[in-house]
Amino acid sequence: ADRGGRPFVSTMEHADASVPIFGTQWHPEKAQFEWGANADGTPFEAIPHAPSAIAASQHLANLFVASARASTHAFATPEAEQAALFYNFAPTSTTPEFEQTYFLHL
């Protein structure tokens, strides 16, 4: 439920466990990796960093990675894979300071 007591869906997965479809209405990675603060020291957002929040974040990361590893999809060649990597693009610093944005001109 939200702060007003209204029910909502925050996280979902396909009813058939063999179908790797997941969705979140939140950012699982934020508990582990987002620690940004305003100039006055207050956090950008009210992100929980408690051990339980970190554990939930890591659990979802493990689930997503295990599902990706089970995929049989692959690039046709090692060269095609290398060409698709984000490492080929330069990030642009944006606000807030801990974020980076990739502008792709394809």
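The values are calculated or read from the model by the stated rules, or taken from the named source; none is laboratory data. As the structure is a prediction and not an experimental result, all values here were calculated from the model. In this analysis, Cβ positions are derived from the backbone assuming ideal geometry, glycine residues included, and neighbour counts consider all displayed protein chains. With ligands, DNA and RNA removed, areas are computed over all heavy atoms of the protein, side chains included. Shrake-Rupley method; radii C 1.70, N 1.55, O 1.52, S 1.80 Å.
Is it fair to say His49 is touching a helix residue (DSSP H, G or I) at 6+ places or on another chain (Cβ under 7 Å), modelled with pLDDT of 90 or more and on the phi < 0 side of the Ramachandran plot? Explain how you work it out, then say what you get.
Values: touching a helix residue (DSSP H, G or I) at 6+ places or on another chain (Cβ under 7 Å): yes; modelled with pLDDT of 90 or more: yes; on the phi < 0 side of the Ramachandran plot: yes.
Yes; evaluated as a whole, the condition is true for this residue.
Annotation note: of Ser57, Ser18, the sole residue that is outside any helix (DSSP H, G or I) and either over 17 Å from the mean Cα position of the chain (by Cα) or surrounded by 12 or more Cβ atoms within 10 Å (Cβ to Cβ) (or both) is Ser18. Looking at the range 74-94, can you tell me whether even one residue there is modelled with pLDDT under 90, surrounded by 11 or more Cβ atoms within 10 Å (Cβ to Cβ) and of a type in the set (A, V, I, L, M)? There is no residue in the range 74-94 that is modelled with pLDDT under 90, surrounded by 11 or more Cβ atoms within 10 Å (Cβ to Cβ) and of a type in the set (A, V, I, L, M). Note on the range 22-49: residues that are outside any loop (DSSP other than H, G, I, E, B) and either of a type in the set (A, V, I, L, M, F, W, C) or touching a residue at least 40 places away in the same chain (Cβ under 8 Å) (or both) total 4.
Can Pro96 be described as touching a Phe, Trp or Tyr at 6+ places or on another chain (Cβ under 6 Å) and assigned to a loop (DSSP other than H, G, I, E, B)?
Numbers: touching a Phe, Trp or Tyr at 6+ places or on another chain (Cβ under 6 Å): yes; assigned to a loop (DSSP other than H, G, I, E, B): yes.
Taking the combined requirement at face value, the residue satisfies it.
Taking residues in the range 1-21 that are over 27 Å from Ser67 (Cβ atoms) and of a type in the set (A, V, I, L, M), and partners anywhere that are modelled with pLDDT of 90 or more and in a loop (DSSP other than H, G, I, E, B), the pairs with Cβ atoms closer than 6 Å and at least 6 places apart or on different chains are Ala1/Pro7.
Within the range 1-13, the set of residues being open to solvent by 80 Å² or more (accessible area, probe 1.4 Å) and either farther than 15 Å from Leu63 by Cα or out of contact with any strand residue (DSSP E or B) (no Cβ under 7 Å at 6 or more places or on another chain) (or both) comprises Ala1, Arg3, Arg6, Pro7, Phe8, Val9.
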